[in-house]
Amino acid sequence: MASVVYFLDSRGRPLLHRDYKWDIPTSAVEKFPILLLKNSKSTNVEADSGLDDGATAPVFNDDGINYIYLTHKNLYILAMTREDANVFAVLCYLHSLVRVLEGYMKSLEEESIRDNFSIIYELLDEMMDFGVPQITDQKILKEYITQESFTLKTMLRPSGSKKRPGATTVFKQRVAPIAVTNAISWRSPGIKHKKNEAYLDVIESIDMLVNSRNQLLSSEIHGTIQLKSFLSGMPELVLGLNERFMNSCIDSIKGNDTISRAKIAGKKPIEVEDVKFHQCVRLGKIEADKMISFIPPDGECTLMTYRVHSPTLKPLFLIDYKMRNHSNTRLEIMVKVKANFKPRISARRLQIRIPVPRDIDSPKYHYNKGNLKYLPNESAVLWKIHKIDGGKEYVMIAELMLPTVTDDTDLEKFRKIPLNLKFEMQGFVTSGLQVKYLKIREPKLNYQSYPYVRYITKSSDHYDVRVK
Amino acid sequence: MGDAKLYTRVKASDILTELRNYEKKPRSGVYQKTILKKIIVNLSIGDNEVIILASDVVRILFNMGYEDLEVKNMCYLYLITYWKHCPKEAISALRFMVEDYKRNSDTSVIDACAALKTIASIQLKAYIDALTPLLEDAFNDSNASIRRTAAYCVAMIFKSNEVENPGSSPKLLQMLNDALVDDDLDVVAAALNSLGDITLNTDKLKLSTDKEHALKLTEGMASCQEWCQVSILNALLTFVPQDHKIAADLIDLILPYLQSDNSSIALNALKVIVYFSYYINNVLDVFPSLPQSISAAISNLMLRPPEVQFLAMRNVILLLLDKPALLDLDIRMFFCQYDDLLYIKDTKLEIIFLLANEGNMDLVLTELQEYAMEIDIQMVRKSIRAIGNLAVKIEPTSEKCVSVLADLLSESIPYVIEEIAIITRDILRKYPGTFDYLIDMLVDRVSLIKESDAKTSIIWILGEYSSSISKSVTLLKQFSETFVEESTETQLTLLTAIMKAHTCQPYNKELHALVEDILEVTIVDIDNPDLRERGLFYWRLLSSGLPNIIDIIKPRLPTLKNDQAALPNHMREELDLCMGSIASIYLRPVKQVFRHCKPRTLSDSPALVRQDLSNSRLSNPLYNNRRSTLYRSRSSTLSSNSGSFRSRMAFTSQRVNDLTINENNQPSPAENNSESHGLSGIMRKLSLKK
């Protein structure tokens, strides 16, 4: 597995590292920035400042040493090994490492690494033994590595009183939490809450690609069921979903062909794929009882994720796009948006990102709703509409002056980038999932508790509408 | 208070003076800790001057280590980094660590583990001697964390000095073996990892798992933490099933892990399933839905961060080459997003190429054509190359592919034309006489071609089809005007092309003059021996007056065949076993990437079945064929033959025939050893030859 893990700054200089096997010379990391450029697939090697333009594969080999890296903000996180390591595990570990460190200090960047180097060393020590990933669950780690981390935000606040000179560290009991070795590794016993509450959020993010004639090209719904629970003891929870959804879930787990079966039964099928459950869910019971039963971890967790393909889904917004080019000096872009859903539903925080050529000048807008803003570094105009009710239609026209020297390819290029939409809708989900019940039972304490359920539909990263 | 302000390089001597100054003051603890932090910062930055402070660090450790854990951890870090340079000081700290372990082993497990790990990291003899009894104690500890740490410590000892201290190793190994049947699976996983690491680098030891243990591990896997699951999955590769049933049972147990949230578990589960599928008769009859499950797992990995996507795709390529029957992928999943990173686009293109078949060709071509009109020149070139290769690969749809190329050609963008010129050569050879209109279109735009590879290709075409191209002589003449400045490869091709044209049209005066000119230039003015020798060779050949010169200079080209053997079985098997490891990224056998690694092979057992899972929609052999033909354009053939050129001058006509075939850039023996390039050909196949 990994021999050493490095944190490097944006120019590839080491900030901090932890060696696990001592078989990589320091010269190897010094070569890293050079190798990044050498292995780059991009032609413009003269690439000015940033090393990374996404042209170098995340794994490469030099002189018998394998470099596995990822980028996070302006950092490189690099693992090196001499063996034919399980590269997938290493890379996933690096991702979890970033996640854990972010959990400890809000934002992981050069500055925060410097601020917290001693706790990072401690975490690196705990998360990997002899190059093999160990515990990467933030909640468990936080139970025993409790040095207060110095977050960038709290810079101005004086830290609390210290008990002993020289101790900025407040170690609680330094006993390994039972969770580390327990069979139910995700929950420690003896948790107590005043109120016993559980919140269930069904969140579906939609990726959709629509062409300029408002026809659906591809769509994908990524669903997650988030559970936020504040329950005492070791509660047993049972979640029931509507049968139609549950059946196709089970089919997808077993790998059966959902559609043909549903067709035989004469029902409209839901194509559920990639159903995954949090490790606390008893997988065996799902098939047998068609119920999702589990002992939840305390606090927040992602109980279940799934993906739905729904070829019949209608675009939620109809976009009409027109562009007029006045002899390469002035552009007029007209965008009309229509909310294509029932009037009683409304979407909030609609943002339409309209790509424009680079370096445009003095944009003028005419619009009948929301507000518009030019984002020069993204080369886009952002149209924000706070709330749009179903069936409503709004228009905006943007007049843009082009820079005197305009490259034709640049004009072509911006038209290739699709419009991007962001929005959020509450109260319904598009996949057809429904929560029937959520039962909470704690055999020893027998308390009353109230589950809350919310449905949210929102855009994912790629809700795109092509304009050409 | 943040520590960022401490994060600067300080001279070690300054730290030392500071240390001395504060020693006498009250509350020196606070200051010492700050100073220690400064030392660690310098260590992090890689400033090794702080080595001289070793004795002070050890002193601080003894003074404050028991009270302040942060101080202790920093001192430990210092020692494991620099023990080599200050062995004396390190040994003096050993007493502290041993005591630290002993007094914490009952109360604070974490501290005990840290002490144990630190002792194991420092590979001095005194440390190892001290560690062995501690480990015995640790393996019998009631706490699983301590037992787990102990297991890793054994591997660390082995890593450092197998030779130095052989006496204790059987005992240590025995302890590890005992840990394999520990009640706690996390400990078992740690022991498996350690043993795996120990056996990896030595031939003397071999790790194998028996049936009961394998079953027990797999069944218990659900209850252990995620990374242990990865270790256990990996360890299952050391189990050799002796009958079909057990392999099937294990696959059944592992299948759910394909859906795991941790992508590393998902991919390792896939690897194990592929491995066990070797031990089941007709795995697809036993698990008819296996392709769906695997594909679902893959499509899921495609939603992960780009780095993970990349790794997943490399392994998809591996599977597509060897066992496409196990996959049932939707090609649309691999269509490029405009904002994908370059290496992602690259890999996606390879997969699209592999997945393309008659059924989805329309879809694929529309997509590729879109890429070919993008801004990024690299991407454009690669997609054009892919279209051309598809034309050769899938005969029934070649017409569609070529018409797309013709479409692109009509745009007259230089790099598009260059790329099409390169790929046209293969298409013409594969389908002689079918797509001659491509030649005309290319010839019309010949002035736009500047790049050497493309030039070579168009010159070859001009030579080969000179009689049917009206302007061929004029064009060849044009090219020969800059003959001296061209690259060697282009020069050689031009020479051969002119000779070919001449033998086809022996009475063309213009050509005759051209031949004379060019032979004179090559023989008199050129310093490159390869080129000069070839010129001489042609000259002698022409003056020999042999009757069948045309057969030598322009023999009938063998058509490109699709039935070349696929990758050798043993290599494909080995690559299967490498899934998810680094070798899978490079698509090469382990031996080539890691010289001292043991090659992996399938162990023999009564249950081993080598079944053919390659008969899916994909025609593999063809793909391989493309691989070797792509090497062609590098003309490596010539240089490998030129050494023996002179000896062959005393030729029999048969020999000459051999040679000219090489010159005409046909697959030659030298290329057949492309096996030694391993699968890397695939990686290079779409990349540009620069």
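Bear in mind these aren't lab numbers, they're just calculated from the coordinates by the rules spelled out. What you see is a predicted model; the values in this text were computed from it and never measured. Using ideal geometry, Cβ is built from the backbone for each residue, glycine included, and neighbour counts are taken over all protein chains shown.
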- Could you tell me which of the pairs B:216/B:345; A:254/B:271; A:194/A:254; A:364/A:392; B:400/B:450; A:194/B:102 are separated by over 31 angstrom between their Cα atoms in the structure shown? B:216/B:345; A:194/A:254; A:194/B:102
- Within the under-14-Å Cβ sphere about residue B:51, not counting residue B:51, Lys/Arg +1 and Asp/Glu -1 give a net charge of -1
- Quick one: compute the contact order of the range A:353-468, relative version, from alpha carbon pairs under 8 angstrom and 6+ residues apart, as a percent. 29
- Task: Could you give log10 I(q)/I(0) at q = 0.16, 0.28 Å⁻¹ for the range B:202-270, computed by the Debye formula over C-alpha point scatterers of equal weight, without solvent?
- Result: -0.54, -1.34
- Message: On a straight-distance basis, which aspartates and glutamates could pair with residue B:430 in a cross-link, Cα separation under 15 angstrom, same-chain partners fewer than 8 positions away excluded?
- Response: B:395, B:399, B:464, B:563
- Spacing of the two label points (7 Å from each Cα toward its C-beta) at residue B:467 and residue B:411, in nm: 3.7
- Message: List the pairs from A:290/A:436; A:290/A:458; A:338/A:413 whose alpha-carbon separation is above 22 Å, in the order I gave them.
- Response: A:290/A:458; A:338/A:413
- Within 10 Å of the Cβ of an average residue in B:106-112, the count of other chain Cβ atoms is 5
- How much net charge surrounds residue B:443 when only other residues with a Cβ under 12 Å from its Cβ are counted (Lys, Arg +1; Asp, Glu -1)? -1
- Message: Just to confirm a number: summing +1 for Lys and Arg and -1 for Asp and Glu over residues other than residue A:341 whose beta-carbon lies under 15 angstrom from that of residue A:341, what do you get?
- Response: +4
- Query: What shape does the range A:317-426 take by its C-alpha gyration tensor, where a ≥ b ≥ c are the square roots of the eigenvalues and a/c under 1.5 counts as rounded, a/b above b/c as prolate, and the rest as oblate?
  - Reply: prolate
- In the range B:14-111, what chymotrypsin sites (Phe, Trp or Tyr not before Pro) fall in a loop by DSSP, with at most 16 other Cβ atoms inside 10 Å? B:66
- Message: Please give the Cα centre distance for the range A:325-396 versus the range B:316-385, rounded to the nearest Å.
- Response: 33
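Report, as an integer, the average count of C-beta atoms from other chains found within 10 Å of each Cβ along B:337-346. Numbers along the way, then the final one.
Working: counts 5, 5, 4, 1, 9, 8, 10, 3, 2, 3.
Mean shielding count: 5.
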- Using Cα positions and a limit of under 12 Å, work out the aspartates and glutamates in reach of residue A:387, with same-chain residues fewer than 8 apart set aside. A:424
- Cα-Cα over 19 Å, subset of B:11/B:33; B:37/B:72; A:314/B:348; A:142/A:444; A:336/A:373: A:314/B:348; A:142/A:444
